[in-house]
Structure formats: C-alpha cells, structure tokens
Amino acid sequence: MTTDTRLAFAHPEERSIASASADPRDRISLRDHVVEVEIGAFQKERGHKQRVMFNVVVEVQPVTQPLNDDVDRILSYDRITEAIATELAAERLNLLETLAERLAERILAEPQAMRVFVRIEKLDIGPYKLGVEIVRSRAEAALRVMGSDGEESAVHPLVVHFDNATIAQPDLSARIDALVGRGAPVIFTVGLPEFDRPVTGHRPTQRRIDLLAIEQNAWSLAARDARCVVVATRTEIDWAIKRGRSVVWAPSKMVLDAVDGPKSADPVALALWLAEGMAASGIVVHGNVAVPAGSRVPVERA
C-alpha cells in the first residue's frame with residue numbers, strides 16, 4: 001500500500017502529524033466516539049437511529065503559560081463532545097458532509113483551535129463503514145459577507161508587511177495602488193521604528209513598549225497615504241473588509257487580548273499571526289526581513 005493510500009485510511013491523528021508544518025501544534029484527539037442518531041438522505045434511513053462514529057483531532061496553540069492543572073487554560077475534550085451533541089441536536093441532517101462542516105466550524109470557534117480533522121462514519125449501513133473526512137483550519141475560516149445578489153461569499157483579505165525603507169520610498173502610493181488593485185481588501189502591517197526605544201530588561205513590559213512603537217510606525221504610514229487608516233480591533237478590521245477598504249493594523253489590543261496570542265513583538269511574526277486569524281489569501285512581505293517558518297498562509301516577497 002502506498003504512503004498516500006495508507007494515510008488516506010489512517011486515523012486523523014496520523015494525517016495531522018504527516019501534514020504538520022515546521023512549527024507543529026499541540027494536538028488533542030477524540031477516538032471512536034459512537035452516537036446513535038437519525039441521519040441520512042435515503043427513505044430507509046428515516047424514522048430510526050443508526051450508529052455514527054466520530055474521530056476528531058484538533059491542533060491547538062501550545063500553552064506558553066503555566067497550566068497550574070487548571071482545565072480553563074486548555075481546550076477541554078468535553079468541548080469536542082459538546083460540539084458534536086450540539087450539532088446533532090440542532091436539526092436532522094441528510095449528509096455527513098454537512099455535519100462535518102458544521103462540527104469543524106464550531107470547534108474552530110474555540111480560541112485555542114487552529115486546525116481540525118473530522119472523520120464521521122456510519123456503522124450500520126452494511127458489513128463496512130461509510131464516511132467522510134475533512135480538514136479545516138482557522139486560516140480557511142474566512143469572513144463571510146452578503147453580496148448584492150443576497151448570497152453570502154467568503155472574503156480573504158491580503159496582509160502586506162512594510163519595512164521602514166518601503167514606507168520611506170517616494171513611490172509608496174504607487175505600491176499601495178498596485179496592492180489594492182489586486183481586488184482584495186488589504187491589511188497593512190509595519191515593523192518597529194528606527195528610533196531608540198526604552199529597554200526595560202523585563203519581558204512583559206518590553207513587549208508592551210515594542211507593540212506601542214509598532215503602532216507609532218503605523219501612524220507614520222498613515223501620514224504618508226490617506227487610504228491607510230489605523231485600526232486596533234477585530235471589529236474595525238471586519239467592518240473595513242466587509243466594505244472592501246484597506247487599513248493599517250495597530251496590534252496592541254488584539255495581541256494583548258488574545259488568549260493564546262503571540263508572546264513576542266516580532267513584527268513579521270505578528271503579521272503572520274494576523275494573516276492566519278483573518279483567513280488571508282496571502283501575505284506580501286517587503287524588505288529584507290526574516291520570515292518565521294511554518295506559516296499556514298502563502299508568503300510572497302515583494
């Protein structure tokens with residue numbers, strides 16, 4: 001049996017490990033969880049229950065703070081079984097595919113969840129199992145907006161990181177024209193300014209100082225082009241994206257409020273974190289800056 005075929009029928013945990021990036025996540029798993037439920041598109045499946053088996057693997061952000069044996073600091077296994085019970089109780093479904101999509105979406109709404117593997121199988125159809133398996137990530141959980149035709153559509157913004165040299169270029173507005181001209185809303189991010197910053201020797205306070213310095217640089221970019229409106233919250237970003245507008249990200253609030261956000265103030269790492277959280281179509285990096293390995297969003301160097 002070839003590797004691809006073996007992995008196709010392997011447990012989702014093996015698939016998760018095989019497709020891990022350079023910075024693999026922690027994983028929690030639910031194996032062989034069997035529930036009796038009425039589901040199916042055929043008439044013979046209506047009016048009685050059948051056994052359905054769930055195998056779920058969730059990749060989560062590694063916990064960087066002491067756990068103190070506190071269940072509230074982790075994504076509990078109960079959240080997975082509760083998600084299954086909630087989706088099964090919501091309505092009768094015809095398709096396992098629909099159930100898998102809804103279950104993945106619900107699990108990815110958990111702050112720690114970054115990628116989820118969902119396998120659902122019917123056990124009572126015959127002398128075999130029939131099922132579906134999907135993989136979804138937070139980077140694919142795009143913002144959904146209502147189009148003029150009344151239909152929902154997914155919006156994947158473009159994240160663009162400017163280094164200081166790019167911000168100072170006389171052709172900055174032309175560069176912004178070209179980026180906005182790609183057709184997707186653009187979220188601009190910037191690096192640390194070149195002026196000296198206080199050095200505290202204390203990691204938490206230094207992180208706050210560096211985040212505030214990045215925000216000063218964001219306002220410097222805003223002064224160069226009127227389209228570069230500085231925003232600080234997810235609500236402001238969502239509002240702009242839904243209207244096709246471009247913004248500059250001031251990171252302090254979102255980073256400090258995040259349950260498992262980035263622990264450093266490295267500007268490019270912050271930009272990658274934002275790109276993944278916003279389900280960006282990609283990130284364009286300007287300047288000679290180091291890009292951390294393991295991005296789940298396509299990286300393009302300008």
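Throughout, read-outs are computed from the coordinates displayed, never taken from laboratory work. None of these values were measured; they are calculated from a predicted model. Backbone-built Cβ (ideal geometry, glycine too); neighbour counts: all protein chains shown.
Observations on the structure shown:
- Gained length - Q50 relative to E101, 0.36 nm times residue gap less alpha-carbon distance: 16.4 nm
- Length gained on full extension, I209 to L123: 25.3 nm, using 0.36 nm per residue less the C-alpha separation.
- Computing Rg and the Kirkwood Rh from the Cα coordinates of the range 143-301 gives a ratio, Rg/Rh, of 0.96.
- From most to least packed by mean Cβ count within 10 Å, the peptides 76-86, 191-201 give 76-86, 191-201.
- Dipole moment magnitude, nearest 20 debye, the range 149-235 about Cα centre, only Lys, Arg, Asp, Glu C-beta charged: 380 debye
- Coarse-grained scattering of the range 193-243 at q = 0.23, 0.25, 0.26 Å⁻¹, given as base-10 log I(q)/I(0) from a Debye sum over alpha-carbon atoms: -0.90, -0.96, -0.98
- Additional length obtainable on full extension of the chain from S264 to E14, 0.36 nm per residue less Cα span: 86.9 nm
- FRET efficiency, 1/(1 + (r/R0)^6) with R0 30 Å, evaluated for V230 and Q169 via beta carbons: 0.95
- Burial order of peptide ranges 116-123, 166-173 (average beta-carbon count within 10 Å, highest first): 116-123, 166-173
- Fraction of the pair-distance distribution of the range 75-128 above 19 Å, Cα-Cα pairs, percent: 30 percent
- Net charge of Cβ neighbours under 13 Å - reference E36; Lys, Arg +1; Asp, Glu -1: 0
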